[in-house]
1. For the range A:165-180, enumerate the residues that are more than 10 Å from chain B (Cβ to nearest Cβ) and in contact (Cβ under 8 Å) with a residue 24 or more places away in the chain.
2. What are the residues in the range A:289-308 that are modelled with pLDDT under 90 and open to solvent by 10 Å² or more (accessible area, probe 1.4 Å), if any?
3. Cβ-Cβ below 8 Å, separation at least six or inter-chain, first residue in the range B:335-359 and free of Cβ contacts under 8 Å to residues at least 60 places away in the same chain and within 16 Å of ligand 1 (Cβ to nearest atom), second among the hydroxyl-bearing types (Ser, Thr, Tyr) and part of a helix (DSSP H, G or I): which pairs?
4. Report, by residue number, each residue of the range A:71-90 that is of a type outside the set (Phe, Trp, Tyr), part of a helix (DSSP H, G or I) and closer than 17 Å to A:LYS369 by Cα.
5. What number of residues in the range B:117-136 are open to solvent by less than 10 Å² (accessible area, probe 1.4 Å) and facing chain A (nearest Cβ under 7 Å)?
6. Of the conditions (1) open to solvent by 10 Å² or more (accessible area, probe 1.4 Å); (2) under 22 Å from A:LEU378 (Cα atoms), B:LEU92 fails just one. Which one is it?
7. Name the residue that is nearest to the other protein chains (Cβ to nearest Cβ), counting only residues in the range A:135-147 that are touching a residue at least 24 places away in the same chain (Cβ under 8 Å) and not in a strand (DSSP E or B).
8. I'd like the full set of residues that are closer than 29 Å to B:ALA353 by Cβ and among the β-branched types (Val, Ile, Thr), limited to the range B:258-312.
Amino acid sequence: MTTPAAEERTGRGARDGARLFREWFADLTREAKPGEKTGYVFVMGSLVELLRAFDMRVVFPEITSLQTAVRKVSDEYLSLAEDHGFSPDVCGYVKADYALQLRRGDHPMGRIPPPDIAVLTNACNTYLKWAEIWERLHHVPTVTVDVPGSRGLPGSVRTSPEGHERDRRYVELQIRELIVELERVTGRAFDIDRLREVLGHTNAMGRAWRRMQELNRSRPAVYDAMLEGTIYLGVANAMRGTPEAARYFADLVEEMEEKAARGISPLVDREERHRLIFVGVPCYPIFRRFYQLFSEWGGVFVGSTYMWFASGGLNDDFEYDLAHPIESLAEGTLRGVTSAVDSMLFHDKVLLDAIDTFGADGVVYHPVKSCRTVSTGLADSRRAILEQRDVLCLYVESDMMDKRVVSEAQMKNRIDAFFEGLESRRLRLEAAT
Amino acid sequence: MGSPGTVPLLDLDLQGSVDAILADLREVVEDPTFPTVARWREGGGRVLGHFQVYFPEELAHAAGMLPVKVRGAAVERRSADSHFGSYICSILRSSLELALSGALRPDLFVTHPICDAARNLAAIYGRNVSAPAQILYLPQNANSAHAADYLSQEYRRVLGDIEGVVGRRVDDASLRRSLEVFNENRRLLRELYALKREMPWLLPVHEAYVLLAIGGLIQREEHNALLASLLPRLRERAHRPQDRMRVVFEGGFCEQPPLELLRAIAEFCYVVDDDLLIGLRWLTEDVPVAGDPVASLATAYLETSSYSPVQHDLRKPKERMLLERIRGAKAEAAIIAAAKMCEPGLDEQVAYAQALDEAGVPYFITEFEEQMTGFEHLQIQLETFVENLLFA
Ligand code: SF4
Ligand code: SF4
């Protein structure tokens, strides 16, 4: 049973995160101030710092879309988009947003303003298709920044410092073009000192983010990377580059340090029995239940590739050089997007490292219909991991938006069987020692 | 070792009847054992496989490699499916199957992040096939003033890797010679498509397709000779025009519909233009041979090129490009197809349908899969569509 004290201990990050989220939605819902513009950006390579330097309001449509699923109304949005011709087989985020645009921004958490500009990278191809929809619906400029990522599995293609610098320079030149476009859209001059300030907040947040991840190596873990990790991710993206986000994560680290020191687990009513790595995107239509299916067995997600690819490069040990903000923003974007894409495509080595450093005994793959970027290679990754580590892997497919392909009963059976396997392995190992 | 243009890969009697030649070509195009590639290898030649949609094949050609378009195949998938999730198109699976089974295992495999699914292919390939696999990032910011420079450097990077495979440097003179060969190929393909537009009764879509697709399996010199010999003979065919609807087929940019599906369409319609294997016709004009050949190729990719759902260019909104294709071919209607589970194709269907509605162009929406068999249902639907329009 959950005690109030335990709730208090484990719930601060979640509570403050939820408050920041509500404030963010409220800010989007209010009337725009005179001359205030809205930019739409995506989590992988958001370049949100640049938009903040122009004091724009920023919408992350991936987040607004996933919130429709968390709030259990995504089916309304998906059906509206499908009525307009979208296939059941395409990314649910796009469809939810398409419907949101048709409904003039009407969202369960407020009203989302239409874009004045959209900024995207090539980190996901659906970003491109999505932005094309806004071009058609709103006739607004969309700027795609090419971020060339890794050209192959580590070691399979030649890489060189000159090649990296060429890519960085290409990103920088595009960022400079984007700045001109933002000046045009907002009617304001670019203020490099303001960018410096914003990047400074991201630097502080990044440091805290990495420390937080490190702290989850503790036994027991200090947070669940799938449940709480998703809240942290939301704040890290939506508030990136603000003092509020930097403060939130500083507080969070403090909280986690304390939990680590005192051995407090996120599982409030049972002990941590199995340390798991999550690969993919959570099942938002039954988010809480999805989490419980694991936590009931004492399973804790100590790490998650989601917190890696969707964190905008925060996992990378990199800080913006405030003396050279644009050049450094280019470097950070290149590294951040490359690492995000690598974490989806070429993640074998990092998964192996994560298994080792977090002491994980199971890996849960959750490919989703909606997101081929993340899901296409997971079956193959599973094969590769099983060959190289003595862990158990669960591969369970559903969706992060579309309840029609989420079968809770089937999922439960698979998850229970997975834990039975983990339990008997644990008993075997205990007997052997 | 084979060098450009010296190894005939087709076993054809060019003096035989046009129908017989087309039948032979069809067999080669549909043969999942890739006999032309096998023959090239017997001669000691190296193979560069490039996944859909576009690859600057001149780079491979100039190095004496055979550039082969990897576009899946209607094969039984024994191993590949276990490497993918459920919601993935067929071409990715079958392309991996070809490599796993050894039917098509290039010395260098290049993919492009054309879509979310395909961007994973290099990793899956790399983990399971011993040949090197890599990604070529074609620019999606086609509107940046710096995209051409970037692409030119990226082509040079890939060229370096090609040189590593063949073990020698590739000079600009060789690249220019390749540009000339491919310019000739592009000219002949434009002629092929002009014939389809002007006298579609002489060249139904499934036959035109075979003549196009074979280019992705043989050296371009041989393809050029084949087209140069056949084009005049096709014009002399005794086929008579029939009262069929002129349509554009859209949706064949990546996964390919079965030839039988195209033949089924040809029974009711004249397909006067299409985007089938558009990568082979991506560059719409001659690439200048003077100057830096790699830079010219890169500029052409951005400036004188076709369109597809997987390239983003603000100057080429896809729906406007489709309307231009329809008008340019004097088509009366469009078939808007998409491969099953193809995110970009399915997304584009929505935009196409809305634009065609606004323009008052009738269209027929369908999905296909390279493995599908049995087209009666499609034929009935198509027949009804055509009749409704004819008797409206
Ligand atoms: S395909 Fe995946 S990464 Fe891309 S927009 Fe959809 S959910 Fe996000
Ligand atoms: S058919 Fe579509 S989804 Fe499949 S690889 Fe091609 S573009 Fe991607």
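1. The answer is A:ARG168, A:ILE175, A:ILE179.
2. A:TYR306, A:TRP308 - these are the residues of the range A:289-308 that are modelled with pLDDT under 90 and open to solvent by 10 Å² or more (accessible area, probe 1.4 Å).
3. Taking only residues 6 or more apart or on different chains, the pairs are B:ASP347/A:THR126.
4. A:SER74, A:ASP75, A:LEU78, A:SER79, A:ALA81, A:GLU82
5. So the answer is 9.
6. Result: B:LEU92 passes all but (1).
7. A:ASP146
8. B:ILE265, B:VAL271, B:VAL272, B:ILE278, B:THR284, B:THR304, B:VAL310 - these are the residues of the range B:258-312 that are closer than 29 Å to B:ALA353 by Cβ and among the β-branched types (Val, Ile, Thr).
The values are calculated or read from the model by the stated rules, or taken from the named source; none is laboratory data. Keep in mind that this is a model prediction, so the values were computed, not measured. We place every Cβ from the backbone using ideal geometry, glycine too, and count neighbours over all the protein chains shown. Protein only, heavy atoms only, side chains kept; ligands, DNA and RNA dropped before computing areas. Shrake-Rupley method; radii C 1.70, N 1.55, O 1.52, S 1.80 Å.
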